[in-house]
Every structure is written in structure tokens, then in C-alpha cells.
1. So which residues in the range B:165-195 are assigned to a loop (DSSP other than H, G, I, E, B), at pLDDT 95 or above and open to solvent by 50 Å² or more (accessible area, probe 1.4 Å)?
2. Could you list all residues from the range A:123-147 that are assigned to a loop (DSSP other than H, G, I, E, B), at pLDDT 90 or above and either closer than 29 Å to B:ASP126 by Cα or of a type in the set (Phe, Trp, Tyr) (or both)?
3. Here is a list of conditions, (1) in a helix (DSSP H, G or I); (2) at pLDDT 95 or above, and B:ALA162 meets all of them except one; can you say which number that is?
4. Restricting the search to the range A:225-238, which residues are more than 19 Å from A:GLY178 (Cα to Cα) and either not small (Gly, Ala, Ser) or not assigned by TED's automatic domain parsing to the domain that holds A:GLY190 (or both)?
5. Run down B:ALA72, B:ALA68, B:ALA85, B:ALA21 and say which single residue is more than 11 Å from chain A (Cβ to nearest Cβ) and modelled with pLDDT of 85 or more.
6. Give just the number: which of (1) more than 7 Å from chain A (Cβ to nearest Cβ); (2) without any contact (Cβ under 8 Å) to a residue 24 or more places away in the chain; (3) open to solvent by less than 10 Å² (accessible area, probe 1.4 Å) does B:GLY90 not satisfy?
7. Can you pull out every residue in the range B:97-134 that is among the acidic types (Asp, Glu), more than 7 Å from chain A (Cβ to nearest Cβ) and without any contact (Cβ under 8 Å) to a residue 40 or more places away in the chain?
8. Got a sec? Which of A:LEU129, A:LEU104, A:LEU135 is closer than 16 Å to A:GLY153 by Cα and open to solvent by 10 Å² or more (accessible area, probe 1.4 Å)?
There are 2 protein chains.
Amino acid sequence: MTEEPRPTLEAVAARAGVSRATVSRVVNGDPGVREVLAERVRHAVDELGYVPNHAARSLVTRRHDAVAVVIAEPETRVFADPFFALQLRGISKELTARDVQLVLLLTEGRDDHERVGRYLAGGHVDGALVFSLHLDDPLPAIIRRAGVPTVFGGRPGWPDAAEGERGAPYVDCDNRGGAREAVRHLVGLGRGRVAHITGPLDQISAVDRLDGYRDALTEVDPRLIAEGDFTPAGGERAMRELLARVPELDAVFAANDLSASGALRVLRERGRRVPDDVAVVGFDDMLPVAEQTDPPLTTVRQDIEGMGRLMADMLLRGRGGEGLASGPENVVLPTALVRRASA
Amino acid sequence: MTEEPRPTLEAVAARAGVSRATVSRVVNGDPGVREVLAERVRHAVDELGYVPNHAARSLVTRRHDAVAVVIAEPETRVFADPFFALQLRGISKELTARDVQLVLLLTEGRDDHERVGRYLAGGHVDGALVFSLHLDDPLPAIIRRAGVPTVFGGRPGWPDAAEGERGAPYVDCDNRGGAREAVRHLVGLGRGRVAHITGPLDQISAVDRLDGYRDALTEVDPRLIAEGDFTPAGGERAMRELLARVPELDAVFAANDLSASGALRVLRERGRRVPDDVAVVGFDDMLPVAEQTDPPLTTVRQDIEGMGRLMADMLLRGRGGEGLASGPENVVLPTALVRRASA
């Protein structure tokens, strides 16, 4: 192992010929040290390669210049779904612009969330950005107990919200409005049997999109709704189910672009022409996915990278003891229908 | 922000009707507390949702139950190349089995490495796993200064190795031997003009594979070597360059599967049949990439996930003050040629 003895404050003091207190003041940026002494200390710091003990210091200042990102999915999912990469891109840009370290806490699954809570509570980060919550997730309670400032990606569906538990700031997009617009577009094209491939219904974003689907229809046929899981494979399964139940369906609104890509594959395999026989609309406008499907996908655009940036910005604005926002401060971003060949 | 006042040690002591010292001893697992008192403390801890201050504790025990992973690439690259996802999968499995948190430190690029060093030095992790080093990288020196146990993925090419600087444990695969076997296979098929698309030559793994290529040939034509960068786009560029220089080439050894996939696209575009006109061999056996190319790719298999596991295992075996390994402990894993249709 490459552990080398770390130079101590004492060693720096001895090298510079000053007291420990003087070294400490210089290292902590205290301006009340004579320049000639400060110069000697900085020189000794450089010579010895001294690194101040931030762990000790952060106990006092409570600043770590680091923010944790927690995605409530197994790491395999985090790396398989480009949605997360895009959100992380926005977060990374925003944090890097402020010289704050992005600390991504990966897990194998929900059993590891207690450990994530311990890390968050352990004084290693200034706050947490948390996304992809599930309704029966122990994570929000664990994070609340950890006592670090948190911003959520997506409106959390607190099981205890009804009991008056206080909220948490979040950034979301208008899932319900976007879905409504997508389905109205399909209805406007004269489609009379619009099916819906949902996301996993233990996630609020999927529930909201389902609500938007219902909003846009005067009558809802439950046989036209099949549950997916936001993956291409889930979209394939749901599409097969829908075709078996209602072979005469003429449109599909999929809860995200990845599900839509799976649905398109099944439709092609079954010889259904898109959009002539079946029109398809997705959600996300995730590039390059939405442009590379065959045919290119009409979809509901949300600014995924922008959501990440905004989450990081909200968290950092509240940082450093300048006083936390007095109540939850939520942002819901608009969506826009992007028309391509599939509908 | 969801910061709630965190219950203090004092509050637990008051609730349990014991001294602060007793709470502290129970929380830290000291067995010298009467069971009836310990029980009262644990009850109060549960009631209040008290979380021990690990930051303070870890200053004493110097254990964080967390390991950092540092990939010396911008986060966009980390999420675009499945190689990293596979290595992280192995690391995640190994760490999770020991209830150690995986802390992935993401950056926008090399300018952020000083900040990564500060985080590592800050007492937040028990060690670091570092991969994808580049030859002129300041990262190894920064990490050495941070003074945390480190295991490298891939043999580091210390610029100061010649000066007797001590080494660091690493896990690698037999890049040179694997490359040699790939090229010998092509020569054995009767191919007389074997080209090589290298990886980025500021990385030791790419240099080693180039050396293996040279080993297998009695005469090396420099016009048959083009530099890639381990990406499909880099493979396309290099393939175009090679075809322009030596139109009569009859085989290509690409330094990884992603480069090979780019090369295959260009060959198809130019109407060259694979393997009839040009045989192609890759490196990695990255699935599903290597199986889904057209035609499926003959390649050199390395156990990427296994390398990740082994790195984590090596780091953790040295952990906890049981004494670090006295010298560098390196592991070089074997490779194996996997024959599919492309050669």
C-alpha cells in the first residue's frame, strides 16, 4: 500500500521555526500573521508536502466542499440508463464550477441504504442530491435522520406527507402536463385506441405521467394500460401484452424513450407500420436514443441536464450556514412536445 | 433544506438517565457496561434516532468503512465507456459484501485532480482505487501526497520509477501477451499486412499492446500503425487513415473492442468483407459489444469485472492497521483469445 507518513503540523512548525499556532493560522487563512512568517510557513508546507487535516478542521468549520449524489437504484441500473448520466452531467458541471467535489455513493440495492445514511451522517459531505426514489423506499427517512441538507430530483411521494411531515426541496418537470400533451397530440391525430406503457408505478414520476394520460382521455380502457419499468426490455414486454389484449390499438404513449424504443422493436417485429398503423410518443427526448429509433421518436422533452444543474445550485445556495431556506423551495420545469416521425 | 436538529449524545444520556461517558461507551461497542444500562442506552438511541458522530469517531479509529474510486477521465467518458461500468461492478460487489461504501469521485477533467486529492487527504475514506492513469498525469503524485492506501488498476507508468521511487500495488492483465497472441493468430491465418489501431499512447495499457503487436511481427511497417483513443469514433478515424495509407491491408488488430467496432463500420462502408478481405481482432471481450458487432468480434478476453474485485480485495486486506504489505504486491491476470467470426 502506498501509505506514506503524512507530515504533521508540528513538522511544519519546526521547519519554519514558528509555533504550531502560527502554522495553524496561516493554513486556515487567518490574515493576522506577519507576511514574513506566513511566507516561511508556506515555504515549509510546500517543502514537506503538508496537507492540512481537513477532517479535523471540518469538525469546526463543518465545510467539506463535497456534495453526495445518491441514486436509489442498483449501480447496474445507474450505468445502464443514460438518464442518470445526463443528470450527473448537469450536477458535475455545476459543482465543478464552484470547486466542490461530486461524491457518487453507489449501492447494489436497497439493503445498502443504511450504509449510505451512515456515510451521509459521518461528516463527509455538505449535502446530498437524491434521485429516483421509490414509494416504499426507506431512503428518505434514513437521509432525514442523517441530518444533511438535501435536494430531491423528482417530487418525493412521502408516505408520511399526510401526517404533516415537513417537505423537502425538489426539482421536477411537469410530468403530468407533459403526458397530457402527448396523449392529446395522439387523440388530435384521430387515434381512438391510445395505449399507455407506464413507468414503475412505485415512482411518482410514473404515477404523474399515468395521471396525465387519464386527463387527456374522456374514457379510459384499463386493458390499454400496461406497466413497464423505464427500460427497453420492459417496453417490449408491455407492448406484447398490449397487442395480445387489444390487437386493434392504434397509438402508444410510452412513459419514457427507452420504453418507447422497446415498443418500436416489437411493433416492427409484428409488422405494424409506425406511425401509419400505430403512432408512438415517448417521454424525455433523451439523445441520441430518441433520434436513433426507427422511425425517430416524437417525444416530450424535459431538460434532464438542467434539472441536475438546478438541484446542485439549490443545494449550494443554502450551504455554509447562511441560513437554510425557511420552507421547501420547489421548482417544476416545463416540458415541450418534440415532433418527429413516429407520431 | 431538510436539515433537522440532530439528537446529541447529551440528549441520549438524559433520556436514558445515564452519564455521557456511558452512552459513549455503549455507542462505541465497549463491553464494560452493565447490560441493563446498555439496554437503556440502546432504547434511547432508537427512540431519538441518534446517529453517532462518525466524523469525530473516525479521527480516533481512522476507519470510515468507505473506499474512493478515482477514474482519471472526465465523467462523460466514465459514463460512455462500458469498461468502467464493468470495473465498478466488480468493485461494488466486493465492497458491498464487506459493508464498505463505494465513493466514486467524479471530475470534469484533470484540473479537478487537486480537489480529488484534498478529498482523499480529508479523512473521508480508508483508501482509494485508481484507474485509467495517463503518463503525464499529476494524479499519482497528488494521491501519494494524500497519504491514503491505494491500489491501481493497470500498471502505472511512474515518470519517477527510474529514480527509485517506491511502487504501488496494482492489478493488470497481460496486455502485451494478449496482444502478441492476437497478432500471431492473424499471421497464422496467412495475413501478411496486419495493421494496428492503438489506444491512447499516453496510457501504459496501450503501449503494452503496441509492444505485443511488434513482438509478433518479424518486420514492422510504421504505416500500418495508427493511433486511436479506445473509442468507436477513434477507431473509425484510425481505420480511414490506415486504408488511405495502405489500401491493400488484410488484417487489423484494434487495441480494444470499441475501436474495433468503429473499424468494422468503416470497413463495411468501404465494401471490405470481414473476415474475407480484412480480418479484425479486438481486445477486452466486452459484452455485449463484442458479440453484437457485425460480424461478431474475435477478441482477447480479459476479466474486467474480476480486476475490479481483486483491486478492492487487495485494498481491504491491507486495511485497518493490520500492517500494510511491505512491498508492492502486483497481480497480472492472464488473457485468452476468443474466436468469433471476424478473424
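1. At the first step, the residues of the range B:165-195 found to be assigned to a loop (DSSP other than H, G, I, E, B) are B:165-169, B:174, B:189-193.
Now drop any that are not at pLDDT 95 or above, which leaves B:174, B:189-193.
Within the range B:165-195, B:ASP174, B:LEU189, B:GLY190, B:GLY192, B:ARG193 meet the criteria.
2. The first filter runs over the range A:123-147 and keeps only residues assigned to a loop (DSSP other than H, G, I, E, B), leaving A:123-127, A:132-138, A:147.
Retained after the next criterion (residues that are at pLDDT 90 or above): A:124-127, A:132-134.
A:HIS124, A:VAL125, A:ASP126, A:GLY127, A:SER132, A:LEU133, listed by residue number.
3. Condition (2) is where B:ALA162 drops out.
4. A:THR231, A:PRO232, A:GLU236, A:ARG237
5. Unique residue meeting the criteria: B:ALA72.
6. Here B:GLY90 meets the rest and fails (2).
7. B:ASP111, B:GLU114
8. After applying the criteria, what remains is A:LEU135.
The values are calculated or read from the model by the stated rules, or taken from the named source; none is laboratory data. This one's a predicted model, so the numbers in the text were calculated from it and none came from an experiment. No Cβ is skipped: glycine too gets one built from the backbone with ideal geometry, and neighbour counts run over all protein chains shown. With ligands, DNA and RNA removed, areas are computed over all heavy atoms of the protein, side chains included. Shrake-Rupley method; radii C 1.70, N 1.55, O 1.52, S 1.80 Å.
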